[in-house]
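In what follows, a structure is listed as structure tokens, so that the remarks can point back to it.
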């Protein structure tokens, strides 16, 4: 028992096994094999290494965005002249990456808390029974008092009076001058894995350049100052149409960098996408545009009042998209190893053709596989060593001519 264990361990540690190989001279199979290997090689080089950059590791950026608007607007509504600056038409005013620029509005001045009739299309009534006191209508302006106002045939409500009438949206937009406002974007990105920090104020962009540049996709692609009219146009919208009822536009800052090159080559690209508010899109006709309300409260003769504005505007969402690549030995070896493994597909396909499809498949099976006679092996264990070796030598001589591994039996001529 001890000897058997010792022999087993000795065989395990001191013997080497190698696969048996058969050289098949067959033009068709050879061509198929080489074509498959060529395809695998093209995939590894073209797709894995050149297109997918399989020899590089990747990282995404930690990003921050700061914005600043500039521009002045002017309106004349019912003879009242107003100048609008950044503090009036940008919401919020802190320079966030998502903000709204007001382009149109409906103003209701002098509202105070009290009772007044609803609008004509909100709650029609013919008697007090049609106005349930204490209840609310989802699209109404306040709580119903239970009184039907005969003059308007609408229910009376407790609300900020007079109630807002937003049924008619000004056309053309009151702040059409917003087309000439400018937006300054300051963006910084850091790729932690590579220790690289970049800003969209790249080399060559200094105070003098910023003071006179304006973004253009071809002539000034790195200028961080954008005209709102240009942004809207590049996103596929018409400014006047989107300004009337509002909408949403995405500004994408794309940082796709190959850090195997000079880090100065890592520069941003700007893209603009219309997210919502295209009047030409009939699917969104049920709820067009983008709007919200805000109020300016004040006191008049010790009575709290407010000026209510329904704001129509363009919402800008600045989105940073980033991907940096740099050479790394680990993904390189992984890509090479997986590619070498894929080469085995050629062997599998050719074996299937040889052993199952070709007319001489039995001949190839004899070439590829060596079969042993189990019964003969069992009987040989009953012989003494001299007899066993004698029979073994005789069998080798006898089967030399019939052995498919011999030179005589390993030649196949293709006709």
Open item on the list: For residue 57, only one of the following conditions fails: (1) in contact (Cβ under 8 Å) with a residue 24 or more places away in the chain; (2) more than 30 Å from residue 333 (Cα to Cα); (3) part of a strand (DSSP E or B). What is its number?
Closed with: (2)
Task: Number of the condition not met by residue 77 [criteria: (1) more than 22 Å from residue 227 (Cβ to Cβ); (2) buried (at least 18 other Cβ atoms within 10 Å of the Cβ)] - done: (2)
Task: Close pairs (6 angstrom Cβ cut-off, 6 or more residues apart or separate chains): in the same structural domain as residue 368 (by TED's automatic domain parsing) in the stretch 1-21, exposed (fewer than 10 other Cβ atoms within 10 Å of the Cβ) and not in a helix (DSSP H, G or I) anywhere - done: none
TODO: Output the residue which, of all residues in the stretch 238-250 that are touching a helix residue (DSSP H, G or I) at 6+ places or on another chain (Cβ under 7 Å) and buried (at least 21 other Cβ atoms within 10 Å of the Cβ), is farthest from residue 321 (Cα to Cα).
DONE: 243
TODO: Go through (1) within 30 Å of residue 73 (Cα to Cα); (2) over 37 Å from the mean Cα position of the chain (by Cα) and name the single condition residue 182 misses.
DONE: (2)
TODO: Quick one: in the stretch 226-237, of everything that is under 24 Å from the mean Cα position of the chain (by Cα) and in contact (Cβ under 8 Å) with a residue 60 or more places away in the chain, which residue is surrounded by the fewest Cβ atoms within 10 Å (Cβ to Cβ)?
DONE: 231
Task: Within the stretch 234-353, strands (runs of 3 or more DSSP E) holding 1 or more residues that are within 30 Å of residue 162 (Cα to Cα) - done: 247-258, 291-300, 303-327
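The values are calculated or read from the model by the stated rules, or taken from the named source; none is laboratory data. Keep in mind that what you see is a predicted model, and the values were worked out from it rather than measured. Glycine also receives a Cβ, built like all others from the backbone with ideal geometry; neighbour counts cover every protein chain displayed.
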